[in-house]
Amino acid sequence: MRPLTVSLVQGDTRWHDPAGNRDYYGTLVRSLAGRGSDLIVLPETFLSGFTNETLGNAETMDGEGIAWLRALASEARAVITGSLVVRADDRCVNRLVWMRPDGSFELYDKRHLFRMADEHTRYAGGEHRLIVELNGWRVCPLVCYDLRFPVWIRNRRNERTVGGMDYDLLLFVANWPAPRRQAWRTLLRARAIENLSYCVGVNRVGSDGNGHPYAGDSAVLDCLGESLVELGPVAQVATVTLDPQVLRAHRERFPAWMDADAFTLG
């Protein structure tokens with residue numbers, strides 16, 4: 001593991017406007033030139049906003065959205081991740097794409113669907129957790145409502161990895177509304193602390209087409225839950241470099257994983 005430079009792109013997503021969002025987020029990503037980003041994180045559903053009008057706003061894996069993301073990652077020479085509404089066969093999924101600068105990618109379909117907005121009636125849920133490697137780091141990227149489910153997120157001892165755990169960096173992309181911002185801020189810290197991991201959360205700002213306001217509160221937290229970066233309620237970008245030595249030292253000094261309960265997911 002070597003230091004990992006992560007950039008947060010906290011934007012005001014345009015409602016149901018893929019072309020406008022490609023221009024908007026492309027400009028924000030290009031503003032990061034020269035910062036040496038290894039990983040650039042966009043919000044959840046950054047091409048459409050969090051919509052229940054799935055068919056009309058769905059991308060396809062061979063469509064403009066993915067092609068744009070591939071070209072942008074190549075231009076930025078960094079991994080870019082965020083989620084999109086994607087039509088896959090006869091269903092729609094809230095799909096996180098982990099796009100590498102060489103054009104290869106990994107996918108994670110949001111597992112936990114927000115039933116209070118009927119997401120579960122319009123989207124299909126994912127079945128598999130994704131862990132990807134970058135600069136020797138193992139990264140677990142998840143989407144919004146997943147943050148509330150610690151069993152799915154749980155980091156476990158894995159002696160086959162360099163960091164000794166399933167993952168070293170936990171990452172959430174979100175459209176988390178302002179009225180529940182205290183839960184977002186609290187749970188990000190809890191997930192970092194309990195999983196002995198760095199934690200990144202990137203949320204949007206502004207208001208969507210349903211009138212829901214978003215307060216941002218994007219953050220980077222260390223394994224003690226201490227803030228390294230914390231953004232306010234306006235569109236902005238920020239970059240931070242994560243130190244693997246801090247993580248290793250904490251895991252050796254405070255090996256709480258040794259007392260964790262064993263379990264398997266059904």
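The values are calculated or read from the model by the stated rules, or taken from the named source; none is laboratory data. None of the values given here were measured: they were computed from a predicted structure. All Cβ positions, glycine included, derive from the backbone under ideal geometry; neighbour counts span all protein chains shown.
Brief remarks follow.
- Residues that are loosely packed, with under 11 Cβ neighbours inside 10 Å and assigned to a helix (DSSP H, G or I) within the range 249-264 comprise 252, 253, 258, 259, listed in sequence order.
- Where residue 48 falls short, out of the listed (1) buried (at least 24 other Cβ atoms within 10 Å of the Cβ); (2) under 20 Å from residue 171 (Cα atoms); (3) modelled with pLDDT of 95 or more: (2)
- Count of residues meeting criterion [touching a strand residue (DSSP E or B) at 6+ places or on another chain (Cβ under 9 Å) and under 20 Å from residue 215 (Cβ atoms)] in the range 15-47: 9
- As a summary of the residue check, residue 160 satisfies the conditions (1) without any contact (Cβ under 8 Å) to a residue 60 or more places away in the chain; (2) assigned to a strand (DSSP E or B) except for the one numbered (2).
- The residue list 74, 37, 48 contains one member that is part of a helix (DSSP H, G or I) and among the hydroxyl-bearing types (Ser, Thr, Tyr), which is 74.
- One residue stands out among those in the range 214-252 that are acidic (Asp, Glu) and more than 10 Å from residue 198 (Cβ to Cβ): the one that is farthest from the chain's Cα centre (by Cα), which is 252.
- Scanning the range 170-203 for residues that are part of a strand (DSSP E or B), aliphatic (A, V, I, L, M) and out of contact with any Gly (no Cβ under 6 Å at 6 or more places or on another chain) returns 170, 171, 200, 202.
- Hits in the range 95-117 (condition: closer than 23 Å to residue 180 by Cβ and either aromatic (Phe, Trp, Tyr) or assigned to a loop (DSSP other than H, G, I, E, B) (or both)): 108, 110, 111, 112, 113, 114
- The residues in the range 84-120 that are among the basic types (Lys, Arg), over 20 Å from residue 67 (Cβ atoms) and crowded, with 20+ Cβ neighbours inside 10 Å can be counted, and the count is 1.
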